[in-house]
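Input: a single structure, listed below in structure tokens.
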Amino acid sequence: MKKIFERPIISRIQTGMPNKIGLKTEYLPIKDIDEVPVKDLLKEYGSPLYVMSEKTIRSVYREAYQAFSTRYPKIQFAWSYKTNYMNAVCKVFHQEGSWAEVVSGFEYEKALKNGVSAEKIIFNGPDKSEEDLKLAIKNQSLIHIDHFDELYTIIKLTEELEERPQVAIRVNMDTGIFPQWTRFGFNYDNGEAWDAINRIMISGKMDLIGLHAHIGTYVMVANAYRIAGTKLSDLAVKIKNKYNTALSYIDFGGGFASKNTLKGAYLPGSDTTPSFDEYAEAITSSIINSEINPDDLPTIILETGRALIDDAGSILGTVLANKRMADGTKTLIIDVGVNMLFTSFWYEHKITPAQDFSHHTENAKIYGPLCMNIDVIRENVDLPPLKKGDQFVISRIGAYNMTQWMQFITYRPKIVMIDESNKAHIIRNNETLENITQLELVPEHLKK
């Protein structure tokens, strides 16, 4: 018999890039952070809520330090203030032995007030005012020179100051990473860095004690650091040969990738990110195998930021509403917006329900609460049904979200830190209308 004809059906796929892992992203809810129930945290401190885990900060730091210190005898971390400059977070890193790395006068002041010895503050960045430089010179902080104008300014300032500036230069170079970061520092490959070094040495007015490179951000290829280390070691050997001066340190900056998944990535970041051991092997090998005299081995300084702090941060929130778009797309509206989660522009953040859920899932688009079309937390994510009032956890948000956040439309919420005894502490209070407007002034004729 002739078979019955069945009309084919074409279903529109609205997920993102397919991958061999499958679409389902969550198997178990996150009901607590460091044994403190999510629902208790939200009930006591409000929704949304940033949560930092002190236990995780210390654990990840010690893992990174061990990876480097077992491969090289002289290792020093310097906490990157721009990554997360909550005082409580900074103090945890300083207790663990980390110095401070800052890129502005504001951050420099913050580090001093956090009790960091001035000579253990590394001052990076292209924008150092004369007042900033004077203070750093008087304090004998480590000034990393970014451009020739800054170099000439420091030489001028030495005429009125008694202290000799302790300086390094920032070096940029081709390490095979695209795009190549050439905006900051002096280029190695065209000889600009060697020119800057010679000008410093012949001035006789400052002490060149180090070299610094920051080759990029979220660097997924550890070998790029090996190339950077080889080139920096070459400069160190040339300085020793020409001026009989051994450098105190070589600073490899930051750029290590965290376990977050970049937008458009085929596989999750937790599967593809190099380990601290891989980074450490590449960096330490580049120095050990160079022509640097073993008696003059420099300290390796690391300004690792996101890789040390991302895992320690979460943001908890609540579902505000469900909607179905005109094209059939399911959407969720949550109380966490891009003003609080800046990194949602970079990452496919992991969003996990905070209560038990069914195994039925549907692709959804996650919007924040802002009255702006760009307020999208996830373009596509396969999640179980979540109703109004349900709670969730967005993981790995410790880097940059508390420094690049914006005061926009909504109040920024509290930040709590859970200590090693599983007790929560408020480390930054929520905003109020009073503290948002306290710097505003209204002309007399508008007060009526």
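Values in this text are rule-based calculations from the coordinates and carry no lab data. None of the values given here were measured: they were computed from a predicted structure. As a convention, Cβ positions derive from the backbone with ideal geometry for all residues, glycine included, and neighbour counts pool all protein chains shown.
The table below lists the values:
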{"read-out": "Estimated translational D of the stretch 170-253 in µm²/s (Stokes, Kirkwood radius over Cα pairs; 37 °C; 0.692 mPa s)", "value": "249 µm²/s"}
{"read-out": "Global geometry of the stretch 41-161, whether rounded, prolate or oblate, following the gyration tensor of its Cα atoms and the 1.5 cut on a/c", "value": "oblate"}
{"read-out": "Per-residue Cβ neighbour rank within 10 angstrom, fewest leading, Ser358, Ser314, Ser59, Ser248", "value": "Ser358, Ser59, Ser248, Ser314"}
{"read-out": "Cα shape, the stretch 109-215, gyration tensor, a/c 1.5 rule", "value": "oblate"}
{"read-out": "Low-density loop positions, trypsin sites (Lys or Arg not before Pro), the stretch 348-392 - DSSP coil, at most 13 other Cβ in 10 Å", "value": "Lys387, Lys388"}
{"read-out": "Convex hull projection area averaged over all views, the stretch 299-399, Cα basis, nm²", "value": "7.6 nm²"}
{"read-out": "Amide N of the stretch 295-324 lying under 11 Å from the label point, which is placed 7 angstrom from the Cα of Phe408 along Cα→Cβ", "value": "none"}
{"read-out": "Options Ser286, Trp194, Ser421, ranked by Cα towards positive dipole end of the chain, top entry (Cβ charges)", "value": "Ser421"}
{"read-out": "Length released on extending from Asn380 to Lys448, taking residue separation times 0.36 nm less the Cα-Cα span", "value": "19.5 nm"}
{"read-out": "Cβ-placed point charges (K, R +1; D, E -1), dipole of the stretch 54-310 about Cα centre in debye, nearest 20", "value": "440 debye"}
{"read-out": "Pairs beyond 26 Å (Cα-Cα), from Lys205/Lys240; Lys259/Lys323; Lys128/Lys156", "value": "Lys259/Lys323"}
{"read-out": "Contour minus Cα-Cα distance for Ser285 and Lys263 (0.36 nm per residue)", "value": "4.7 nm"}
{"read-out": "Of Tyr152, Pro298, Pro165, farthest towards positive along the dipole that unit charges on Lys, Arg, Asp, Glu beta carbons give the stretch 54-310", "value": "Pro298"}
{"read-out": "Within straight-line cross-link reach of Lys238, aspartates and glutamates at Cα separation under 20 Å, skipping those fewer than 8 residues along the same chain", "value": "Asp174, Asp189, Glu192, Asp195, Asp207, Asp251, Glu291, Asp295, Asp296"}
{"read-out": "Exposure proxy ranking, count of Cβ atoms within 10 Å, fewest first, for Phe68, Phe276, Phe5", "value": "Phe5, Phe276, Phe68"}
{"read-out": "Cleavage-rule hits (GluC sites (Glu not before Pro)) in the stretch 352-422: DSSP loop, at most 14 neighbouring Cβ within 10 angstrom", "value": "Glu420"}
{"read-out": "Dipole moment magnitude, nearest 20 debye, the chain about Cα centre, only Lys, Arg, Asp, Glu C-beta charged", "value": "1640 debye"}
{"read-out": "Rg in Å to one decimal, and Dmax rounded to a whole Å, for the chain via C-alpha atoms", "value": "25.2, 103"}
{"read-out": "Computed E for His425/Asn322 - FRET, C-beta separation, R0 41 angstrom, nearest 0.05", "value": "0.75"}
{"read-out": "Residues Thr352, Thr331 arranged by fewest to most Cβ contacts within 10 Å", "value": "Thr331, Thr352"}
{"read-out": "Of the GluC sites (Glu not before Pro) in the stretch 263-316, those whose Cβ has at most 16 other Cβ within 10 Å and which sit in DSSP loop", "value": "Glu291"}
{"read-out": "Karplus-derived 3J(HN,Hα), 6.51/-1.76/1.60, for each residue of the stretch 299-314, Hz, glycine and proline x", "value": "5, 8, 9, 10, 9, 4, x, 4, 5, 8, 10, 4, 4, 7, x, 9"}
{"read-out": "Helix-derived mean residue ellipticity, 222 nm - over the chain, DSSP H n ≥ 4, -39500 (n - 2.57), to 500", "value": "-8000 deg cm²/dmol"}
{"read-out": "Longest to shortest principal axis, alpha-carbon extents of the stretch 219-306, angstrom", "value": "49, 20, 19"}
{"read-out": "Dipole of the chain, positive end: most advanced residue of Ile250, Tyr81, Ile351 [Cβ charges, Cα centre]", "value": "Ile351"}
